[in-house]
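S.K.: Have a look at this one.
The values are calculated or read from the model by the stated rules, or taken from the named source; none is laboratory data. In this text the structure is predicted, and so the values were computed from the model without any measurement. Cβ atoms come from the backbone with ideal geometry, glycine included; neighbour counts cover every protein chain shown. When the accessible area is computed, the model is the full protein with side chains, heavy atoms only, and any ligands, DNA or RNA have been set aside. Shrake-Rupley method; radii C 1.70, N 1.55, O 1.52, S 1.80 Å.
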Amino acid sequence: MNITKSSILQPLNNNLTALHYLPSNIETISWGTLPNAKSNPVLSIRSGQSVTIDTVSHEGMLEDQGRNPVEFFAQYGISSEEILYDAVDICKNGPVHHLEFGPHIVTGPIEVQGAQVGDLLRIQVIQLERRVPYGIISSRHGYGALPGEMPRLKYGESIGSEFSKTVNVFCEVEELQQNANGLIRFGKGKMVRFPLNPFLGIMGVAKDTNEVVNSISPGSHGGNLDINMLGQRSFTYLPVQVPGALFYVGDPHFAQGDGEVALTALEAPLRATIEISIIKSDQANNFIGILREPFGETDKFWIAIGLDEDLNEAMRKAVRAALDFLSSYIGMEEHLAYAYLSAAADFEVSQVVDSVKGVHCLIRKKDFRA
């Protein structure tokens, strides 16, 4: 790999355009858990303000990988100067990590002044920058879309009784003039390239509970939604559940296919600049319709979301959410909206590897311009 110093975004390494900056360090992160009603904010902002957040990927930092990113990435030819300082410090001095809660390193929470229960939080992703030019795709025994079948102990081995616990696949970033590709080498001198599409797998607000909230399961609070459409220039809408909202991010990805079948996406750290706004409860229905669950928006699509432990029920919830949106916001009669969804909308499986499965519905904006 040809890694230059400029391709490593260390904390406070570049000039930042956002009003606020939030690093990921031992004082601003949680590992495996999400903020709840008892959490104390690490930053306080006003509605409409922007913040740049340096996120950290958990891959290369977990216990089954040695909890030492310098040693872990050295096996792939990455020098210690090419490892993020914040990742090293979190592993060395950070909190005890309980894997039963979740693997993710979550940064926050951020208090949004004036946010109240019943309001919506609107998160606009302004910019996503890759902090390093490499990442990891991992699979672990007992997880993913094929638990007990993959991963196999050895590459090419027929299905049998022996399985490895963890398989880490190193992925390079191939920089191009206009964009970038992920690159996985295989066989004798062969490689596969695929386009990168960075996004934050976790964006959420605190749940109204004093209980420990694991980082794995998404819900009405958002969290680990893993929807690859919610990248740069997208909007995510979240129902506020506690005063101040207590917003957080994590699980940065360079790319993910719908389904995320092996267990992880291309996991790698991002510098995310976002703008956070409050939509007050009396305006929320007019703005985006009846909203009980997270909702997404891009320049081309409205994105209705269904979440459930049962994939079939997640599908049904996504249909209901799409119907609610079309009837309340667009003003479409329900039976006509149902027919439209069947003829024209795409329902895609966000991910199947978490305890709560996700389905999202893509509703084309251009269909309604008339």
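S.K.: Check the stretch 262-272 and report whether any residue there is farther than 30 Å from F73 by Cβ and charged (D, E, K, R).
M.R.: no
S.K.: Now, a different point. Could you list all residues from the stretch 92-115 that are more than 21 Å from the chain's Cα centre (by Cα) and open to solvent by less than 60 Å² (accessible area, probe 1.4 Å)?
M.R.: Listed by number, the residues that qualify are G94, P95, G114, A115.
S.K.: Which one of R271, R292 is closer than 30 Å to D86 by Cα and among the basic types (K, R)?
M.R.: R271
S.K.: Still on this structure: Against the definition (farther than 17 Å from G201 by Cβ, surrounded by fewer than 15 Cβ atoms within 10 Å (Cβ to Cβ) and in contact with a helix residue (DSSP H, G or I) (Cβ under 6 Å, 6 or more places away or on another chain)), how does G118 come out, yes or no?
M.R.: yes
S.K.: Within the stretch 330-355, take every residue that is among the small types (G, A, S) and in contact (Cβ under 8 Å) with a residue 24 or more places away in the chain and give me the one that is most open to solvent (accessible area, probe 1.4 Å).
M.R.: The qualifying residue most open to solvent (accessible area, probe 1.4 Å) is S355.
S.K.: Check the stretch 357-365 and report whether any residue there is more than 21 Å from Q232 (Cα to Cα), open to solvent by less than 20 Å² (accessible area, probe 1.4 Å) and of a type in the set (A, V, I, L, M, F, W, C).
M.R.: No; the residues of the stretch 357-365 include none that is more than 21 Å from Q232 (Cα to Cα), open to solvent by less than 20 Å² (accessible area, probe 1.4 Å) and of a type in the set (A, V, I, L, M, F, W, C).
S.K.: Looking at T273 and the list (1) open to solvent by 50 Å² or more (accessible area, probe 1.4 Å); (2) closer than 30 Å to G135 by Cβ, which single condition is not satisfied?
M.R.: The failed condition is (1).
S.K.: Right, next: For the condition farther than 22 Å from V353 by Cα, under 21 Å from the mean Cα position of the chain (by Cα) and modelled with pLDDT of 95 or more, what is the one hit in F301, F295?
M.R.: F301
S.K.: A further question on this structure: What's the number of the only condition in (1) under 26 Å from V117 (Cα atoms); (2) touching a helix residue (DSSP H, G or I) at 6+ places or on another chain (Cβ under 6 Å) that W302 fails to meet?
M.R.: Condition not satisfied by W302: (2).
S.K.: Take the stretch 178-234 and flag every residue that is of a type in the set (A, V, I, L, M), touching a residue at least 60 places away in the same chain (Cβ under 8 Å) and open to solvent by 40 Å² or more (accessible area, probe 1.4 Å).
M.R.: Those that are of a type in the set (A, V, I, L, M), touching a residue at least 60 places away in the same chain (Cβ under 8 Å) and open to solvent by 40 Å² or more (accessible area, probe 1.4 Å): V212, I216, M229.
S.K.: What is the residue count in the stretch 281-319 for residues that are of a type in the set (D, E, K, R) and either surrounded by fewer than 15 Cβ atoms within 10 Å (Cβ to Cβ) or without any contact (Cβ under 8 Å) to a residue 12 or more places away in the chain (or both)?
M.R.: 8
S.K.: All but one of (1) at positive phi; (2) open to solvent by 10 Å² or more (accessible area, probe 1.4 Å); (3) of a type in the set (A, V, I, L, M, F, W, C) hold for A245; which doesn't?
M.R.: Unmet condition: (2).
S.K.: Name the residues in the stretch 230-253 that are out of contact with any Asp or Glu (no Cβ under 8 Å at 6 or more places or on another chain) and farther than 18 Å from I278 by Cα, would you?
M.R.: L230, G231, Q232, G250
S.K.: Now for a separate question. For residues that are under 20 Å from D54 (Cα atoms) and surrounded by fewer than 16 Cβ atoms within 10 Å (Cβ to Cβ), scanning just the stretch 69-85, find the one that is nearest to the chain's Cα centre (by Cα).
M.R.: This residue is Y85.
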